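What follows is one structure encoded as structure tokens, with my remarks underneath.
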Protein chains: 2
Amino acid sequence: MERQQLIFSNSVAAALDGAVAAINGVSSRFVLVDSNTERLVLPRLGASQAIAGARVITIPAGDEAKCLDTLAAVWNELQDGGATRSSLLINLGGGVVTDLGGFAAASFKRGIRFINVPTTLLAAVDAAVGGKTGINYRGMKNEIGAFAPACAVLLSTIFFDSLPATELRSGFAEMIKHAMLTGERDVDALLDFDLAAIDNERLLLLLRDSVAVKRRIVDEDPLEQGIRRALNLGHTAGHAFESLALERHRPVPHGYAVAWGLVVETVLSHLKLQFPSDALYRLASAIKELYGCAPVTCDDYPQLLHLMRHDKKSRHGEINCTLLRNYGDIAIDNAIDDDTLSAALDIYRDLSE
Amino acid sequence: MERQQLIFSNSVAAALDGAVAAINGVSSRFVLVDSNTERLVLPRLGASQAIAGARVITIPAGDEAKCLDTLAAVWNELQDGGATRSSLLINLGGGVVTDLGGFAAASFKRGIRFINVPTTLLAAVDAAVGGKTGINYRGMKNEIGAFAPACAVLLSTIFFDSLPATELRSGFAEMIKHAMLTGERDVDALLDFDLAAIDNERLLLLLRDSVAVKRRIVDEDPLEQGIRRALNLGHTAGHAFESLALERHRPVPHGYAVAWGLVVETVLSHLKLQFPSDALYRLASAIKELYGCAPVTCDDYPQLLHLMRHDKKSRHGEINCTLLRNYGDIAIDNAIDDDTLSAALDIYRDLSE
């Protein structure tokens with residue numbers, strides 16, 4: 001797949017206009033927002049020529065909007081607005097806007113060009129690499145979609161102040177994961193960062209490092225056959241926490257579940273691969289401070305194990321994790337037996353008390 | 001874009017099984033048919049293992065089925081049938097089945113693999129090269145879709161005997177166009193072919209030559225910036241005939257309109273570029289025999305000219321045609337003034353009387 005051009009800048013209007021000017025033969029421009037980004041983000045881009053001349057398409061905010069009805073509504077607005085094969089769509093919003101908008105563009109007239117401007121930290125880390133677009137369909141996440149690269153992804157941190165703290169922390173968990181795949185210095189840089197009083201320029205640099213890690217791993221293994229599974233770090237246990245919470249009708253944010261999963265899988269790394277205990281303690285303490293503790297007791301272990309065995313990453317009903325010998329020293333495809341996992345969950349709960 | 005593997009064979013069951021066996025790691029198979037091909041074609045593939053083990057998805061026959069509702073119905077059947085990212089979809093039918101089925105596969109779980117088995121001559125010539133998939137949407141042809149190559153396209157002539165003669169001739173007009181872009185020998189081979197008593201093996205060879213022409217031109221100009229416009233031969237006048245007939249609620253088959261357009265544009269080639277008159281006479285006579293004459297009088301010229309000026313291939317309101325100095329000697333981008341076009345239409349009508 002073609003590479004997406006990544007632009008890291010907090011001078012968003014100027015950077016966006018530059019990105020649009022660099023695209024040849026654009027006949028007309030459209031900008032996709034949700035009701036939140038229309039109210040909170042669009043007004044802050046008043047200086048952008050690209051936005052000023054664009055027709056605005058607004059979809060409802062929230063995950064439920066990532067559906068076929070909304071997709072068709074976007075197609076309709078493109079059609080009614082006279083979009084041609086040379087039109088450009090600018091997706092300005094969180095993951096729903098960039099995922100759905102990307103697929104709307106990828107499928108309209110067999111593909112028009114689009115630019116992503118993610119406005120949440122999670123969407124920034126997600127949308128920057130990989131070119132995945134799509135919608136949810138009949139209860140399945142991203143069931144309908146395409147791999148389609150944006151012409152450019154404009155990454156900025158200035159919109160994150162409009163987000164609830166929970167949302168920001170969710171994205172931050174993915175960055176911690178990327179740092180853990182790289183080295184101790186990267187992890188320390190993140191854990192030392194003050195999320196309560198954000199330094200935008202510093203966060204932009206951290207975001208750039210984080211995206212670079214993801215890109216390096218995806219480039220190395222585009223077909224997801226080996227090292228790319230490293231990106232699943234924290235997600236085997238994390239998904240189980242997330243699903244359990246959902247079953248109990250007390251959902252937790254995805255990023256929080258991943259953060260808890262990162263600690264559990266680092267405990268496993270310690271038990272199986274001698275991951276150093278001092279680094280584990282420091283991580284567990286930082287995660288506890290930012291994300292609290294997973295709401296589980298030892299009575300939940302059987303159900304958590306069941307969920308992990310049926311995770312799509314597991315094969316032959318065997319629980320399978322990415323582990324670390326140390327930060328940056330990755331071991332994919334570790335089979336984990338039930339006793340070791342139960343022990344790890346015990347230790348995790350001790351560390352998070 | 002990736003190239004599609006083309007398989008020319010009239011031993012369809014064996015060729016299909018070979019094509020499926022060549023694809024790695026297929027978890028489950030689905031076959032898409034319409035109500036006609038379910039009845040007329042599917043029973044003739046009883047010897048195919050690939051078909052025997054596949055879940056059949058049936059859509060209504062006809063152009064109206066090439067819509068979002070049908071697309072969603074196919075997604076539903078894939079989902080209900082437990083299709084995974086490793087599933088394979090076999091599209092068995094005319095252009096609606098291959099276009100819609102191709103897009104259903106391209107968009108399900110961000111893309112599953114598919115094989116096209118076109119059962120009409122027009123779909124065979126169309127689907128073999130280019131990888132265009134899509135559906136019609138709110139009155140616009142192929143408004144929603146993607147460029148997505150099939151793993152393989154299996155081209156056979158044995159199903160054409162189930163087609164009405166009109167349908168077969170429609171596809172044949174595209175083959176005549178390809179021959180005209182190649183050379184006199186190729187045109188003669190087609191005009192000498194007896195469509196009333198089809199020799200399947202001979203037609204398969206002619207189809208192979210025809211597809212080779214299209215592939216050569218598309219490969220030379222993948223972005224449709226130059227020589228690929230040669231494939232518009234006959235279509236400027238042809239689309240005008242087709243639109244005029246539609247406006248009058250007396251629609252004509254697309255291929256018939258193209259055939260008439262081929263003669264008009266060859267007359268233009270004679271007037272502007274000295275295309276040889278003997279070859280023109282022979283073509284006009286053969287087309288008249290197969291397709292009759294376009295139902296127009298000189299009173300229709302203003303409307304025909306208007307339609308040609310607003311054809312999507314025209315720029316700045318100027319009528320623009322691909323012409324020939326001789327068979328195989330292509331001149332793209334010829335501006336045509338109204339008087340020359342009226343003269344050409346006069347000559348066309350004289351030749352077709």
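Ordering A:Ala72, A:Leu345, A:Ser277 by the projection of their Cα atoms onto the charge dipole of the protein assembly as shown, which places +1 on the Cβ of Lys and Arg and -1 on the Cβ of Asp and Glu, puts A:Ser277 at the extreme positive end. Taken about its Cα centre, chain A carries a charge dipole of about 1280 debye when Lys and Arg each add +1 at the Cβ and Asp and Glu each add -1 at the Cβ. Each other residue within a Cβ distance under 11 Å of A:Ala237 adds +1 if Lys or Arg and -1 if Asp or Glu, for a net charge of -3. For the protein assembly as shown, the dipole from Cβ point charges (+1 on Lys and Arg, -1 on Asp and Glu) about the Cα centre works out to 220 debye, to the nearest 20. Taking a point 7 Å out from the Cα of A:Asn200 in the direction of its Cβ, the residues of region A:1-31 whose backbone N falls within less than 13 Å of it are A:9-15. Straight-distance candidates among the aspartates and glutamates for linking to A:Lys288, with alpha-carbon spacing under 18 Å and chain neighbours fewer than 8 residues away dropped: A:Glu167, A:Glu174, A:Asp188, A:Asp192, A:Asp194, A:Glu242, A:Glu265, A:Asp278, A:Asp346, A:Asp350, A:Glu353.
Between region A:188-210 and region A:337-353, how many Å separate their Cα centres? Going from one Cα centre to the other spans 30 Å.
Percent relative contact order of region B:35-124, based on C-alpha pairs within less than 8 angstrom and at least six residues apart?
Relative contact order comes out at 26 percent.
Shown here: region B:19-101, whose C-alpha atoms stretch 35, 28, 18 Å along the first, second and third principal axes, sorted largest to smallest. Under a Gaussian network description of chain B, with springs only between Cα atoms under 10 Å, the residue in B:Gly62, B:Gly171, B:Gly102 that fluctuates furthest is B:Gly62. Give A:Lys132/A:Lys272; A:Lys177/B:Lys132; A:Lys132/B:Lys132; A:Lys109/B:Lys177; A:Lys141/B:Lys214 a once-over and call out the pairs whose C-alpha atoms are over 32 Å from each other. Among A:Lys132/A:Lys272; A:Lys177/B:Lys132; A:Lys132/B:Lys132; A:Lys109/B:Lys177; A:Lys141/B:Lys214, the Cα-Cα distance tops 32 Å for A:Lys132/A:Lys272; A:Lys177/B:Lys132; A:Lys141/B:Lys214. The residues packed around A:Gly134, meaning those with a beta-carbon under 10 Å from its beta-carbon, carry a net charge of +3 if Lys and Arg are +1 and Asp and Glu are -1. Each part reduced to its alpha carbon centroid, region A:145-163 and region B:247-307 end up 52 Å apart. Give the nm distances, rounded to one decimal, from B:Ser27 to the matching residue in every other copy, measuring between label points 7 Å along Cα toward the beta carbon; shortest first. Going from nearest to farthest copy, the values are 4.0 nm. Specify whether the C-alpha gyration tensor of chain B places it in the rounded, prolate or oblate class, a ≥ b ≥ c being the square roots of the eigenvalues: rounded for a/c under 1.5, otherwise prolate if a/b is larger than b/c and oblate if not. Since a/c reaches 1.5 and a/b is larger than b/c, the shape of chain B is classed as prolate. At a temperature of 4 °C and a viscosity of 1.567 mPa s, determine how fast region A:90-188 diffuses translationally according to Stokes-Einstein, using the Kirkwood radius over alpha-carbon pairs as Rh; express D in µm²/s, rounded to the nearest whole number. Approximately 91 µm²/s, per Stokes-Einstein.
One equal scatterer on each Cα of the protein assembly as shown, no solvent, Debye formula: the resulting log10 I(q)/I(0) at q = 0.05 Å⁻¹ is -0.31. As a calculated quantity, the FRET efficiency between A:Ser27 and A:Arg215 at R0 = 45 Å, using C-beta atoms, amounts to about 0.90. For a paramagnetic label modelled on B:Asp329 (point 7 Å from Cα along Cα→Cβ), amide N atoms under 14 Å away belong, within region B:268-304, to B:269-280. Shape annotation for region A:165-351: C-alpha extents along the principal axes are 45, 34, 31 Å, from largest to smallest.
Counted over the protein assembly as shown, the DSSP beta bridges are approximately 40% antiparallel.
Would you work out if region B:106-248 is rounded, prolate or oblate? Take a ≥ b ≥ c from the square roots of the eigenvalues of the alpha-carbon gyration tensor; rounded if a/c is under 1.5, else prolate when a/b is larger than b/c, oblate otherwise. In terms of gyration-tensor shape, rounded. For chain B, the relative contact order is 14 percent, taking Cα pairs closer than 8 Å that sit 6 or more residues apart in sequence and dividing their mean separation by the residue count.
For B:Arg85 and A:Ala165, the FRET efficiency from 1/(1 + (r/R0)^6), where r spans their Cβ atoms and R0 equals 41 Å, is about 0.70. Among beta bridges identified by DSSP and lying wholly in chain B, the antiparallel ones come to about 35 percent.
The stretch between B:Asn76 and B:Tyr281, if pulled fully straight at 0.36 nm per residue, gains 68.5 nm over its current Cα-Cα span. Peptide A:138-145 is shielded by partner chain Cβ atoms: per residue, an average of 4 of them sit within 10 Å of its Cβ.
How much of the DSSP beta bridge set in region A:5-162 is antiparallel, as a percent to the nearest 5?
20
Neighbours of B:Ser87 by Cβ distance under 14 Å: Lys/Arg scored +1, Asp/Glu scored -1, total +3. Positive-end ranking of A:Leu88, A:Ile51, A:Leu121 along the dipole of region A:5-146, with charges on Cβ about the Cα centre, is headed by A:Leu88. Put a dot 7 Å past the Cα of B:Gln5, heading toward its Cβ, do the same for A:Arg55, and the two dots end up 4.3 nm apart. The value of relative contact order for region B:224-353, using C-alpha pairs under 8 Å at least six residues apart, is 31 percent. Classified by the C-alpha gyration tensor, region A:5-162 has a rounded form. Its axis ratio a/c, with a ≥ b ≥ c, is below 1.5. Across the identical copies, the label point of A:Pro295 (7 Å from Cα in the Cβ direction) is separated from its matches by 7.1 nm, in order from shortest. Within region B:130-168, the trypsin sites (Lys or Arg not before Pro) that combine a DSSP coil assignment with at most 16 other C-beta atoms in a 10 angstrom radius are B:Arg138. The length gained on full extension between B:Arg185 and B:Asp339, counted as 0.36 nm times the residue separation minus their Cα-Cα distance, comes to 52.2 nm.
Bear in mind these aren't lab numbers, they're just calculated from the coordinates by the rules spelled out. Nothing here was measured: the structure is a model prediction, and the numbers come from that model. Cβ coordinates were reconstructed from backbone atoms using ideal geometry, including for glycine residues, and neighbour counts include every protein chain displayed.
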